[in-house]
Amino acid sequence: MVKICCIGAGYVGGPTMAVIALKCPDIEVVVVDISEPRIAGWNSDRLPIYEPGLDDVVRQCRGRNLSFSTEVHRHVSDADIVFVSVNTPTKTCGLGAGKAADLTYWESAARMIADVSVSDKIVVEKSTVPVKTAEAIEKILSHNTHRRSHGVRYQILSNPEFLAEGTAVADLLSPDRVLIGGRTDTPAGLAAVAALRDVYARWVPPDRILTTNLWSAELSKLAANAFLAQRISSVNAISALCEATGADVAEVAHSVGKDARIGPRFLSASVGFGGSCFQKDILNLVYICECYGLPEVASYWREVIRINDYQKGRFVNRVVASMFNTVAGKKVAVLGFAFKKDTGDTRETPAIDVCKGLLGDKAAVSIYDPQVAGEQVARDLAMNKFDWDHPRHLQPIIITGTDVARQVAVAADAYEAAAEAHAVCILTEWDEFRGLDYKRMFDAMHKPAFIFDGRNVVDVAKLREIGFVVYSIGKPLDEWLKDMPAVA
Ligand SMILES: NC(=O)c1ccc[n+]([C@@H]2O[C@H](COP(=O)([O-])OP(=O)(O)OC[C@H]3O[C@@H](n4cnc5c(N)ncnc54)[C@H](O)[C@@H]3O)[C@@H](O)[C@H]2O)c1
Ligand SMILES: O=c1ccn([C@@H]2O[C@H](COP(=O)(O)OP(=O)(O)O[C@H]3O[C@H](CO)[C@@H](O)[C@H](O)[C@H]3O)[C@@H](O)[C@H]2O)c(=O)[nH]1
């Protein structure tokens, strides 16, 4: 029986391995992690991450051919194929700070594999890593001097993950493509690629399994995320121009996307993209370009992040400027804190920057999100940039009782958040926000009552009829807002 071990039981390791176990009942899959609470969560009825359909997949396989464990060494030693899906944060100090990937966790996993292995292994890069990481990993593994591991041979493969959160299970069951990079110029490399391809071939059609050299696979992951994020920054840049001209960004995006060469997806204007990947991966790409002496290419991609920051700042400025240039002491309801719908994940969510902007202007913020707990909101608002991307037990402890903690409340539902508020900001496109009783909210709010829709989920005309002053990203401006000072 082939044995697979995955190091890292996170948003990628957990769902990916659960689907492999589901589709390959003859393969034993163990997911290991240094975090005891995370593993306990995977072994409980309340999984540590929220993903539609995931409970069901885990329930079918756990105890059959899928298990979760903190016995990292034993399971790595036993495995034929070792996936590495650990954190790859952005460096916060030293060389490349603020851009380069911090490979501390990757390196320690690689050293551990070298220390405990007594049989040949295929080591699979699942984490998103800089181009040429496989070369560094090969060096670590082949320079291992542990006597016990003498003669063990390794093949490194790059098998980046393209799942999106909120649709992880569906994406894994029916991926656009599976990418496997390896040493395709050597028989051992080709055999390793074939072994991994055989795993995916149980459910992925052959024409969707792509094999490339290692560096193409590593770079394709960064490039794919950069392209996706670039589309959002492009439509967000146009949204600012729409507001200035009276065009409607939804109509523009629809017309643009009808061109088959452009396509309709990933053209929804928003308060900005978030999530654990886009910003981090683009910064990583920027750093690699700089290292290879390509400053023009680096600045081209950096602009995608600049527009994203501009979009978040522009939103906060709209809120404050519309409300007589001050939100001090005013209750502002924030609906949605996750970085997108159908996930409880808040990593790099635009809501953090928007809330920090409002808090900076001394608003009293009341947050409601169907999947994000108050404790997570407090952690996020207290954490420094990039600190979120470390294993939870290594993240800085929050200090409670600060000014920020006093200015923020977490509500049980949208109506509680909006009661006595001056404004409502919609920051995540949860389906339930489309069907809220906005008249009920309006009646319980101070007047003039404002709605700032950062996800274009509300029916602007209907809300204006109720009496709201409405701002919706990239939509023709409310009469009220037209007189407000320009926002940048
Ligand atoms: N989240 C996504 O949607 C997504 C998609 C594609 C790729 N990625 C990439 O996949 C990687 C993992 O992302 P994630 O979102 O799953 O992160 P995560 O933080 O949810 O999970 C990483 C896990 O690795 C564990 N870990 C760290 N070092 C370890 C070690 N030495 N031994 C054992 N366990 C260790 C941590 O405790 C944590 O549970 C990152 O490189 C990320 O960029 C993420
Ligand atoms: O038209 C759009 C589409 C998305 N977003 C926002 O962009 C962010 C990212 O969304 P999405 O890409 O759907 O989710 P992620 O889970 O971050 O997935 C991205 O990042 C993953 C990690 O690398 C990749 O595996 C996926 O392929 C890639 O889509 C979210 O804040 C979305 O709200 C928009 O603002 N407008």
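The figures follow:
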{"quantity": "Residue in region 183-204 that is away from ligand 2 (no atom under 11 Å from the Cβ), within 25 Å of Cys289 (Cβ to Cβ) and open to solvent by less than 50 Å² (accessible area, probe 1.4 Å) present", "calculated": "no"}
{"quantity": "Residues being free of Cβ contacts under 8 Å to residues at least 60 places away in the same chain and not β-branched (Val, Ile, Thr) - total across region 201-216", "calculated": "8"}
{"quantity": "Residue count for region 92-123, restricted to those that are touching a residue at least 60 places away in the same chain (Cβ under 8 Å) and basic (Lys, Arg)", "calculated": "1"}
{"quantity": "Residues of region 210-232 classified as within 11 Å of ligand 2 (Cβ to nearest atom), surrounded by fewer than 22 Cβ atoms within 10 Å (Cβ to Cβ) and farther than 27 Å from Thr184 by Cβ, total", "calculated": "2"}
{"quantity": "Hits in region 413-471 - residues which are of a type in the set (Gly, Ala, Ser) and surrounded by fewer than 22 Cβ atoms within 10 Å (Cβ to Cβ)", "calculated": "Ala419, Gly435, Ala444, Ala461, Gly467"}
{"quantity": "Residue pairs meeting the criteria (Cβ under 7 Å; at least 6 apart or on separate chains; first under 18 Å from Ser322 (Cα atoms), in region 337-361; second open to solvent by 50 Å² or more (accessible area, probe 1.4 Å) and of a type in the set (S, T, N, Q))", "calculated": "Asp361/Thr326"}
{"quantity": "Residue ID - farthest from ligand 1 (Cβ to nearest atom), chosen from residues in region 208-265 that are within 23 Å of Leu196 (Cα to Cα) and of a type in the set (D, E, K, R)", "calculated": "Arg208"}
{"quantity": "Total residues in region 366-389, condition charged (D, E, K, R) and within 15 Å of the chain's Cα centre (by Cα)", "calculated": "4"}
{"quantity": "Options Glu218, Glu161, Glu243, Glu165: the member that is on the phi < 0 side of the Ramachandran plot, assigned by TED's automatic domain parsing to the domain that holds Thr343 and out of contact with any Cys (no Cβ under 6 Å at 6 or more places or on another chain)", "calculated": "Glu243"}
{"quantity": "Within region 245-364, helices (runs of 4 or more DSSP H) holding 1 or more residues that are surrounded by fewer than 19 Cβ atoms within 10 Å (Cβ to Cβ) and within 16 Å of ligand 2 (Cβ to nearest atom)", "calculated": "249-257, 295-322"}
{"quantity": "Residue match in region 318-329 (condition: in contact (Cβ under 8 Å) with a residue 24 or more places away in the chain and under 18 Å from the mean Cα position of the chain (by Cα))", "calculated": "no"}
{"quantity": "Test: residue in region 108-123 that is closer than 27 Å to Leu190 by Cβ and within 16 Å of ligand 2 (Cβ to nearest atom)", "calculated": "no"}
{"quantity": "From the options Leu157, Leu163, residue that is open to solvent by less than 20 Å² (accessible area, probe 1.4 Å) and within 21 Å of Pro15 (Cβ to Cβ)", "calculated": "Leu157"}
{"quantity": "Pro175 within 28 Å of Pro52 (Cα to Cα) and surrounded by fewer than 16 Cβ atoms within 10 Å (Cβ to Cβ)", "calculated": "no"}
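Residue-by-condition table, conditions (1) within 12 Å of ligand 1 (Cβ to nearest atom); (2) open to solvent by less than 50 Å² (accessible area, probe 1.4 Å); (3) of a type in the set (Gly, Ala, Ser):
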position: Arg74; (1), (2), (3): no, no, no
position: Lys91; (1), (2), (3): no, no, no
position: Asp120; (1), (2), (3): no, no, no
position: Ser127; (1), (2), (3): yes, yes, yes
position: Thr133; (1), (2), (3): yes, yes, no
position: His143; (1), (2), (3): no, no, no
position: His150; (1), (2), (3): no, no, no
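The values are calculated or read from the model by the stated rules, or taken from the named source; none is laboratory data. It should be emphasised that the depicted structure is a prediction, and the values quoted were computed from it without experimental measurement. When we count neighbours, we look across all protein chains shown, and the Cβ atoms used for this are built from the backbone with ideal geometry, even at glycine. Calculation scope for accessible area: heavy atoms of the full protein, side chains included, ligands and nucleic acids excluded. Shrake-Rupley method; radii C 1.70, N 1.55, O 1.52, S 1.80 Å.
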